[in-house]
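Taken together, the values in this text are just the output of simple stated rules run on the coordinates, not laboratory data. None of these values were measured; they are calculated from a predicted model. So basically every Cβ, Gly included, is an ideal-geometry build from the backbone, and we count neighbours across all protein chains shown.
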Amino acid sequence: MRMYDLITKKKHGEELTRDEISEMIRGYVNGEIPDYQMSAMLMAICFQGMTEKETADLTIEMAHSGDMVDLSAIKGIKVDKHSTGGVGDKTTLVIGPIVAACGVKVAKMSGRGLGHTGGTVDKLESIPGMQVALKQEQFFEIVNKVGVSVVGQSGNLAPADKKLYALRDVTATVDSIPLISSSIMSKKLAAGSDCILLDVKTGSGAFMRTVEDSIALAQRMVAIGEHAGRNTMAVITDMDIPLGHAIGNSLEVMEAIETLQGHGPKDLTEVCKILAANMLYLAKKGTVEECEQLVKEAVENGAAFKKLVEMVEAQGGDSSVIQDTGKFRKAPYQYEVKSAREGYIRHMDTEQCGVASMVLGAGRETKDSSIDYSAGIVLKKKTGEFVKCGEVLAVLYASKEELFQKAEKILTNAYSFSEEPVRNRPLVLAKVSSGGVEKY
Ligand code: URA
């Protein structure tokens, strides 16, 4: 096999065989295929696409390029959830404990934040003492005992994706459905859970800006999961507005705790209820309606919050900050952003809200930037609400006062206004399973 011939084949829109894909991934990971040839292949894939079979073959080869985690030491059905990333998305911190409280195991490997999107591992690390780099036996032991553990991704999980993603990032080849779906699903397959629920975000804070593109991505990922023998489903949720009010690591942990205690923001509570119920449904705990009832009970009777406390303690974290969020380290400075206009908020450019939080120190501009766990934004007004001139739109938190000016400018530019009332779209826009697409 010559890489030159494979590039030519893909350039002409032909289908690559499983053997060709396998050789290509092996050769790229071990350095026989140089970046310039792989870049040409990635660009050809962007223009010509890949069939469902090619995408599934690519994903399986990428997954097998490193460790395939064997979760059989954990008793019962294991269910995983993946979000395609957004702003204010702290759902894992809420639904992991809920699902565990309902008797289904969650052995979750999560990522760090980059750019405008946050990462669960960073959020967890804002809890003093919390360990996210656990030995595999310790991780399994916690999942068996508590029902849930969330750790960082092990170094050798889908190394082909790590190398390919870095190349895509600098060759303008990120936005391709076969490449995104194989990247995400290779890590999910390697992580070993029996069932996978995908939360595909859509809107101005997401990779996929339109519902149609999000559904197409979800369909491809569900097909890959099912092809690999995993029970897989996707929900398309709104990311045209930040989820909840808090953006930034410890601020988001505090909001997740409020939600687990039954008094979180309405949108976050609703999305978490739907995601948790669908995870339970995939694990065969009942109909979706029955599973929603289980979720409601786990929150109301305090079992879900107790699971978070147990997980934090098992991973070395200080659970007193979970019991009393007033103990979280506070940012030394805060600043109120006031509205210069009166009217209904027509839209929030959600990516820019995430960028404003990053500028305050809550996120990473590059992979090596450090994070200020106490920095971020608490939104006081969101899309659809009416604001008067001079009313507070948001409160900014930072460790350096000089960061406020730039963040304020970015955030205020993210808001647009209307004189007419504005109707928000539904939080859950569609559901995708092997049986088809259900739009709401
Ligand atoms: N997240 C991933 O892991 N990979 C992509 O390609 C896009 C989002």
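Quick one: of the DSSP bridges fully inside the chain, what percent are antiparallel, nearest 5?
In the chain, DSSP labels about 55 percent of beta bridges as antiparallel.
Sort out for me the Cα centre separation of region 10-33 from region 342-365, rounded to whole Å.
Value for the Cα centre distance between the two parts: 40 Å.
How long is the gain from Gln138 to Asp35 if the chain were fully straight, where each residue apart is worth 0.36 nm and the alpha carbon distance is subtracted?
Gain on stretching Gln138 to Asp35: 33.3 nm.
Send over the per residue convex hull volume for the chain, Cα only, as a whole number of Å³.
It is 138 Å³ per residue.
For a quick check: sort Thr91, Thr8 by the number of other beta carbons within 10 angstrom, fewest at the front.
Ordered by Cβ neighbours within 10 Å, fewest first: Thr8, Thr91.
Output the peptides 368-376, 75-83, 321-329 sorted from most to least packed, where packing is the average of other Cβ atoms within 10 Å over each peptide's residues.
The packing order, highest mean first, is 75-83, 368-376, 321-329.
Within the set of other residues whose C-beta is less than 11 Å from the C-beta of Gln293, count the net charge using Lys and Arg as +1 and Asp and Glu as -1.
Its environment carries a net charge of -2.
Around Lys53, with a cut-off of 11 angstrom between Cβ atoms, what is the net charge of the other residues, counting Lys and Arg +1 and Asp and Glu -1?
That works out to -3.
Calculate how steeply helix 350-359 sits against the longest principal axis of the alpha-carbon atoms of the chain, using the helix alpha-carbon long axis, and give the answer as 0 to 90 degrees to the nearest 10.
Computed tilt is about 80 degrees.
Compute the helix-to-body angle for 18-29: its Cα long axis versus the longest principal axis of the chain, expressed 0 to 90° and rounded to tens.
Roughly 60 degrees between the two axes.
Which value, in debye to the nearest 20, describes the size of the charge dipole of region 3-49 about its Cα centre when Lys and Arg Cβ atoms bear +1, Asp and Glu Cβ atoms bear -1, and nothing else is charged?
Dipole of region 3-49, to the nearest 20 debye: 120 debye.
How many angstrom lie between the Cα centre of region 163-180 and the Cα centre of region 251-288?
31
Evaluate Rg over Rh across region 330-418, taking Cα atoms for both radii and Kirkwood's formula for Rh.
Value, to two decimals: 0.99.
Could you please state, rounded to a whole Å, how far the C-alpha centre of region 183-239 is from the C-alpha centre of region 53-76?
If we compute the Cα centre of each part, the gap is 15 Å.
Just add up the charged neighbours of Tyr415: K/R +1, D/E -1, any other residue whose Cβ is under 10 Å from the Cβ of Tyr415.
Local net charge: +3.
Note down the nm distance, to one decimal, between modelled labels 7 Å out along Cα→Cβ at Glu342 and at Glu438.
For the pair Glu342/Glu438, the computed spacing is 4.5 nm.
Considering only region 60-205, what is the antiparallel percent among its DSSP beta bridges, to the nearest 5?
So the antiparallel bridges in region 60-205 amount to around 10 percent.
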